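Report on one structure; see the data block that follows.
We did not get these values from a lab; they are worked out from the coordinates using the rules stated. Everything quoted here is computed from the prediction, not taken from an experiment. When we count neighbours, we look across all protein chains shown, and the Cβ atoms used for this are built from the backbone with ideal geometry, even at glycine.
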């Protein structure tokens, strides 16, 4: 293999990996938000995040029973076992108010405000 061939192969490989590199960079830029579920309620019950940026919710369930974080507008759902923590990855969102709730206890409600 000549040096030109090796250089060409490296250039093609670099171009092919570019979307992966972009995805990894975007994942690293995610806004991380802590959320607690205790006594059947979300704390805080209103979250804030920047628009057009991925969001990682770290949900700590302090109750003695499982709960299911669900949001139709965010298109996410996640069951979090009793006394444990779950991670919920949310795609970048446009500005707006996105409601969420515990599917096992629909009185437990909250909102993500994206600005």
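Tabulated results
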{"read-out": "Sorted by Cβ density within 10 Å, fewest first, the residues 109, 75", "value": "75, 109"}
{"read-out": "Gyration tensor (alpha-carbon) shape descriptor, region 30-114, a/c threshold 1.5", "value": "prolate"}
{"read-out": "Packing-based exposure ordering (other Cβ within 10 Å, fewest first) of 69, 104, 42", "value": "104, 42, 69"}
